[in-house]
Amino acid sequence: MNRRKRILVAAALLAIGGTLALIGATAWISWREAFEEENTQITELARGIAERTERIVLEARNTLLALDELEVERCSAAHFAEMEAAAMQHPWIKSIGHWRADERLCATGLAQGTALKPPQADRIYPSGLIAWWPSRHTSVAGVELFLMRFGNHDIAMDPRFFVDAGLTGQQAAGLWLENLMLTSNPPDAVLPPLDAIPPGVRLDQAEERIESRFSLGRMLPIDVVVVEPADGFWHRQNSLIRTAAAVGGGLSLLWLLGIVILLRYQLSLRSELRDAISRGDITAWYQPIVDLATGECVGAEALARLMREDGSLINPDMFLPVAESEGLMPDVTLAVMDSLLADLPALLKLNPGLKINLNLSSDDLQDPGFGQQLALRLATAKVPSHAIKLEITERALINDEAARAHIRDFRARGHKVAIDDFGTGYSSLSYLETFEIDTLKIDKTFVDAIGAEAVTSHVISHIIDMAKSLKLDIVAEGIEQQAQAEWLERQGVHQGQGYLYSKPLTARAFRRYLRGRPNQTMA
Ligand code: C2E
Ligand code: MG
Ligand code: MG
């Protein structure tokens with residue numbers, strides 16, 4: 001499989017894997033959200049019923065207290081009028097009765113003659129509250145009433161009013177007082193026994209329904225259970241998953257499209273790069289390296305630029321990755337070298353001590369004939385080898401005997417060698433010692449951190465100390481502020497480059513710069 005196919009297969013696998021992960025994550029999140037939503041909705045319903053029941057019981061007790069305090073003759077017309085007025089207050093009151101001892105003497109509300117004659121009460125509370133649960137003994141016109149007596153009056157309540165709050169056709173609710181079922185809605189609802197349902201919401205997979213139990217125990221222990229079939233939930237869930245799948249599919253298509261566009265761009269850049277190399281459109285631009293104390297230019301770094309036919313420029317961070325993946329880095333180095341050697345005689349005339357840095361790639365260090373080629377070209381261009389300093393990135397050094405031999409060879413041929421972007425790799429002092437190098441270039445990241453509280457701001461001091469102990473020259477890269485330059489100088493760093501002094505310049509602009517007329521054509 002060639003490289004392109006491998007990239008395509010990897011991209012497709014990534015897209016499929018990513019889509020599956022996306023759909024899985026979306027489905028899980030939407031399931032959680034739907035369940036939470038259901039949870040909130042059904043819990044609110046159960047809470048509403050429980051609180052309403054508690055309110056009704058409280059209001060009934062207050063009504064009964066007020067009736068007991070009336071100073072009217074019991075079972076008189078005035079007493080009836082008061083009881084009727086109280087009964088009219090609430091739709092859930094079906095009858096109000098008056099008791100003497102254990103006899104319900106007179107009552108209002110129900111059709112005359114259907115007086116309730118409940119047997120012994122179901123509950124007698126220490127507070128004086130007496131309760132009869134709905135049963136055939138409290139049944140009037142087929143509705144079993146809930147009877148509550150306090151003092152010498154009672155109220156017969158229609159318990160259906162307790163549980164009529166906001167249920168949808170699919171939902172059923174049950175109300176328990178003191179663990180005894182008071183009522184349900186609908187009346188024939190099949191509800192699980194109370195002790196089979198833990199508090200909170202759960203999905204009962206066997207019964208395929210969602211159950212919620214809400215308990216309230218402020219006055220009387222009240223329990224409400226609301227159940228609903230799970231199919232509605234699953235239905236909503238399925239539609240959510242379908243939406244997630246559609247969104248995931250769409251995204252992965254976009255992803256694939258992005259990859260295809262990127263590959264096409266890379267392919268076009270690849271052929272553009274090959275053409276540029278063969279046409280000589282890759283040229284060297286120069287970023288001055290200055291003496292920090294005097295501001296005098298002591299050299300420059302040659303940086304590759306690809307000039308398009310339309311005159312636009314492509315910077316190395318765009319085309320170098322393509323050159324690297326296509327194995328074209330040695331060609332780029334040679335192109336920059338040729339451009340540099342063509343410019344150098346004129347530059348050296350302006351400043352004979354100038355040293356121009358050439359960036360080498362790790363591919364160059366794999367080529368045993370590289371030093372020889374460089375020497376030949378220098379001889380042809382009549383340029384002394386000490387005018388060219390070679391920059392090798394720290395990452396290209398990783399435990400490589402070939403790199404070590406190359407460095408030795410370069411130095412034997414008269415070149416100085418600098419380690420570029422120092423601090424971005426993993427080199428230690430003892431490791432650096434094993435290479436015969438002359439200069440350490442401190443990466444811009446560390447220069448940026450000067451004066452900041454970041455950890456990197458302390459690292460630069462260690463790098464400087466380390467370079468000094470190895471007796472290496474130090475060049476700081478990416479200096480943008482005067483304060484950075486001053487700090488570096490105080491630390492004993494003598495050379496630097498950066499926008500503070502100059503951006504990379506064309507050969508012509510660099511010559512002007514050397515003549516003391518900078519800022520003509522800049523990158
Ligand atoms: P590098 O070798 O570390 O070069 C320094 C880079 O930092 C250059 O970017 C330069 O323009 C930029 N720079 C310098 N001072 C400042 C500053 O004050 N602020 C900011 N923001 N940037 C500054 P450039 O030219 O885009 O090159 C990027 C990298 O590409 C280089 O980093 C080098 O690793 C590589 N490169 C460039 N030309 C060549 C080449 O001919 N051969 C090889 N192998 N690599 C090259
Ligand atoms: Mg460099
Ligand atoms: Mg660098």
**OP:** Select from Ala403, Leu116, Thr380 the residue farthest towards the positive end of the dipole of the chain; place +1 on Cβ of Lys and Arg, -1 on Cβ of Asp and Glu, and compute about the Cα centre.
**Re:** Thr380
**OP:** Taking the dipole about the Cα centre of the chain, with the C-beta of Lys and Arg at +1 and of Asp and Glu at -1, give me whichever of Ser30, Ala206, Ala81 is farthest to the positive side.
**Re:** Ser30
**OP:** Using a 1.4 angstrom probe, figure out how much accessible area region 433-483 has per residue, in square angstrom, rounded to the nearest whole.
**Re:** 48 Å²
Subject >> Those aspartates and glutamates that a straight Cα-Cα span of less than 14 Å connects to Lys355, excepting residues fewer than 8 apart in one chain >> reply: Asp291, Glu296, Glu301, Asp343, Glu391, Asp438, Asp473
Subject >> For Asn359, distant residues with modelled amide H under 5 Å away >> reply: Ala302, Glu391
**OP:** Quick one: what are the phi-derived ³J(HN,Hα) couplings along region 141-146, Karplus 6.51/-1.76/1.60 with θ = phi - 60°, whole Hz, x for glycine and proline?
**Re:** 6, x, 9, 7, 8, 9
Original post:
Carbon and sulfur atoms: what percent of the 1.4 Å accessible area of region 81-137 do they account for?
Top reply: 52 percent
Original post:
Which residue, chosen from Thr506, Asn185, Gly451, occupies the Cα position most advanced towards the positive end of the dipole of the chain, where the dipole is computed from +1 (Lys, Arg) and -1 (Asp, Glu) charges on Cβ about the Cα centre?
Top reply: Thr506
Subject >> Peptides ranked, highest mean first, by Cβ atoms within 10 Å: ranges 68-78, 83-93 >> reply: 83-93, 68-78
Original post:
For the chain, what is the Kirkwood estimate of the hydrodynamic radius, computed as the reciprocal of the mean inverse distance between distinct Cα atoms, to one decimal in Å?
Top reply: 31.7 Å
Original post:
For region 239-299, which whole percent of the accessible surface, found with a 1.4 angstrom probe, sits on carbon and sulfur atoms?
Top reply: 65 percent
**OP:** Return the subset of Lys389/Lys468; Lys468/Lys503; Lys382/Lys468; Lys471/Lys503 for which the Cα-Cα distance in this structure is over 24 Å, preserving the input order.
**Re:** Lys468/Lys503; Lys382/Lys468; Lys471/Lys503
Original post:
What is the calculated FRET efficiency for Arg274 to Asp204, with r their C-beta to C-beta distance and R₀ = 56 Å, to the nearest 0.05?
Top reply: 0.25
**OP:** Could you tell me which Cys residues in the chain have no other cysteine's Cβ under 4.7 Å from their own Cβ, answering none if every one has a partner?
**Re:** Cys297
Original post:
How much accessible surface area, in Å² rounded to 10, belongs to the heavy atoms of Tyr513 with a 1.4 Å probe?
Top reply: 30 Å²
Original post:
So if we plug the beta-carbon distance of Arg490 and Leu429 into 1/(1 + (r/R0)^6) with R0 = 25 Å, what FRET efficiency do we get, rounded to 0.05?
Top reply: 0.65
**OP:** Mind pulling the per residue volume of the convex hull built on the Cα atoms of region 1-112? Å³ is fine.
**Re:** 150 Å³
Subject >> Using θ = phi - 60° and Karplus 6.51 cos²θ - 1.76 cosθ + 1.60, couplings along region 281-286 (whole Hz; Gly, Pro as x) >> reply: 8, 9, 10, 8, 10, 10
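If you place +1 on the Cβ of every Lys and Arg and -1 on the Cβ of every Asp and Glu, how big does the dipole about the Cα centre of the chain come out, in debye to the nearest 20?
2260 debye
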Original post:
Counting Lys and Arg as +1 and Asp and Glu as -1, each charge on the Cβ, what is the dipole of region 191-332 about the Cα centre in debye, to the nearest 20?
Top reply: 460 debye
Subject >> Dimensionless Rg ratio for region 67-183, taking C-alpha atoms and the 2.2 N^0.38 Å reference >> reply: 1.11
Original post:
Which whole number in µm²/s is D for region 421-515 by Stokes-Einstein, with the Kirkwood Rh taken over Cα pairs at 10 °C and 1.306 mPa s?
Top reply: 112 µm²/s
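Find the all-direction average of the projected area of the Cα convex hull for region 261-399, expressing the result in square nanometres with one decimal place.
Mean projected area of the Cα convex hull: 10.2 nm².
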Original post:
About its Cα centre, how strong a charge dipole does region 334-484 have in debye, to the nearest 20, once Lys and Arg get +1 and Asp and Glu get -1 at the Cβ?
Top reply: 720 debye
Subject >> Hits among lysines - C-alpha to C-alpha of Lys117 under 22 Å, sequence gap 8 or more where chains match >> reply: Lys94
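The values are calculated or read from the model by the stated rules, or taken from the named source; none is laboratory data. Values in this document were obtained by computation on a predicted structure and should not be read as measured data. As a convention, Cβ positions derive from the backbone with ideal geometry for all residues, glycine included, and neighbour counts pool all protein chains shown. For the accessible areas, the whole protein counts, side chains as well, though only heavy atoms, and no ligand, DNA or RNA atoms are used. Shrake-Rupley method; radii C 1.70, N 1.55, O 1.52, S 1.80 Å.
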